[in-house]
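The values are calculated or read from the model by the stated rules, or taken from the named source; none is laboratory data. All values derive from a computational prediction rather than experimental measurement. Every residue, glycine as well, gets a Cβ built from its backbone with ideal geometry; the counts of neighbours run over all protein chains shown.
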Amino acid sequence: MQAWKEDLNCKILTAVSTGMNTSSFLLNGFSGFEQQYPWLSIPFTSIYAIVLTGNCMVLHVIWTEPSLHQPMFYFLAMLALTDLFIGISTVHTVLGILWGLIQEISLDSCIAQSFFIHGLSYMESSVLLAMAFDRYIAICNPLRYSSILTNSRIIKIGFTILGRSFLFIIPVIIRLRFFHYCRPHILSHSFCLHQDLLRIACSDTKFNNYYALTLVICTLLLDAILILISYILILKSVLAIASPEERHKSFQTSVSHICAVLVFYIPVIGLTMVHRFGKHLSPIVPVLMGNVYILFPPLMNPIIYSVKTQQIRRRILRLFSLKR
């Protein structure tokens, strides 16, 4: 580990002194904690194992249980797939750094990773919005639920989510390939982010900055507002129910989705606040917040739905009992 640290420091000094436009970038990882990498690798390896196992288990249960072939669980499967691929897209660089296997990443690999990280983040927000729509129809208009959310319509919603999440980010991602990177090629995270590449680019980045801001407003912010409106309408409808038992049941069906929304948007807000107002903080804070933003939702969502959704919980317990 000491030799790896010395080699990394040598490359960083070379990058700082030359500032040449090479085709690879150094991943800074958890700067200042290189001696603790063997210990840090233990919780991060465990987290990634839970992310991959938990989301695969949710997908397996939904796939193999015919009674779960319903709109609510189709959207949950989309969420689990999104979380699974978020873990897959970052696991090789994060654990590679902690295990001392990776020090740098090529430009093309970096751009590809940035494309998947941001595209999957937008996709997670879109899926949460679709799930809020599902809960709104189920509670506020239950008699028309099956006629509104048909299988064909869910497929159309799925393709719309894919297009909205990935097609719109292609213009800014493609431009990254043609930028001139003359500043030291040191990325501040354990993975590649669009804003990190803009920071070291010497080309005109105005289009990327304004386009990315517009995209965030039209996706994450708009989705959050629509989700909030849907739950205001749901709350109004639930409070109008006379029976306390029915009211409690209606609330219970939405608890897991509310938790998933909070698990996604709280790290987004936290990371935004750190980048905006945390200039005086230690450099490790944005790095940790970046990892929380990437890993916390994929880690927590399978746990939330396994605990809060009775149908999922029963099938998972049955799965473990059959294995025993």
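Restricting segment 276-287 to residues that are touching a residue at least 12 places away in the same chain (Cβ under 8 Å) and more than 26 Å from THR219 (Cα to Cα) leaves a set whose member that is nearest to the chain's Cα centre (by Cα) is ILE284. Considering each residue of segment 184-204 in turn, at least one proves to be of a type in the set (Gly, Ala, Ser) and over 24 Å from the mean Cα position of the chain (by Cα). For segment 169-208, how many residues are out of contact with any strand residue (DSSP E or B) (no Cβ under 9 Å at 6 or more places or on another chain), in a helix (DSSP H, G or I) and farther than 17 Å from PRO283 by Cβ? The qualifying residues number 13.
When segment 259-275 is filtered for residues that are under 12 Å from TYR305 (Cβ atoms) and either β-branched (Val, Ile, Thr) or touching a residue at least 60 places away in the same chain (Cβ under 8 Å) (or both), the ones remaining, listed by number, are ALA260, VAL263. Filtering segment 204-250 to residues that are modelled with pLDDT under 85 and either in contact with a helix residue (DSSP H, G or I) (Cβ under 6 Å, 6 or more places away or on another chain) or not hydrophobic (A, V, I, L, M, F, W, C) (or both) leaves VAL238, ILE241, SER243, PRO244, GLU245, GLU246, ARG247, HIS248, LYS249, SER250. Can you tell me which residue in segment 238-251 is farthest from LEU79 (Cα to Cα), limited to those that are in a helix (DSSP H, G or I) and free of Cβ contacts under 8 Å to residues at least 12 places away in the same chain? Filtering segment 238-251 for residues that are in a helix (DSSP H, G or I) and free of Cβ contacts under 8 Å to residues at least 12 places away in the same chain, the one farthest from LEU79 (Cα to Cα) comes out as PRO244.
Screening segment 24-64 for residues that are of a type in the set (A, V, I, L, M, F, W, C) and assigned to a strand (DSSP E or B) and picking the one that is surrounded by the fewest Cβ atoms within 10 Å (Cβ to Cβ) gives LEU26. Within the option set VAL263, VAL285, VAL292, VAL307, being among the β-branched types (Val, Ile, Thr), surrounded by 18 or more Cβ atoms within 10 Å (Cβ to Cβ) and either more than 21 Å from PHE85 (Cβ to Cβ) or at pLDDT 80 or above (or both) holds for one residue only, VAL263. Every listed requirement among (1) crowded, with 17+ Cβ neighbours inside 10 Å; (2) of a type outside the set (D, E, K, R); (3) at pLDDT 90 or above is met by HIS185 save one, (3). Annotation for segment 209-227: at least one member residue is part of a helix (DSSP H, G or I), polar (S, T, N, Q) and more than 30 Å from CYS140 (Cβ to Cβ).
Pairs meeting the criteria (first residue in segment 69-93 and more than 15 Å from VAL292 (Cα to Cα), second residue among the β-branched types (Val, Ile, Thr) and outside any helix (DSSP H, G or I), beta carbons under 8 Å, at least 6 apart or on different chains) are LEU76/THR309; HIS92/ILE102; THR93/ILE102; THR93/ILE105. Of all residues in segment 74-117, exactly one satisfies the criterion of being of a type in the set (D, E, K, R) and surrounded by fewer than 16 Cβ atoms within 10 Å (Cβ to Cβ), namely ASP108.
Would you confirm, using the coordinates I've provided, whether GLY270 is surrounded by fewer than 17 Cβ atoms within 10 Å (Cβ to Cβ), at pLDDT 80 or above, within 21 Å of the chain's Cα centre (by Cα) and assigned to a helix (DSSP H, G or I)? Yes. Restricting attention to segment 299-324, the residues being assigned to a helix (DSSP H, G or I), over 14 Å from HIS257 (Cα atoms) and not aliphatic (A, V, I, L, M) number 8.
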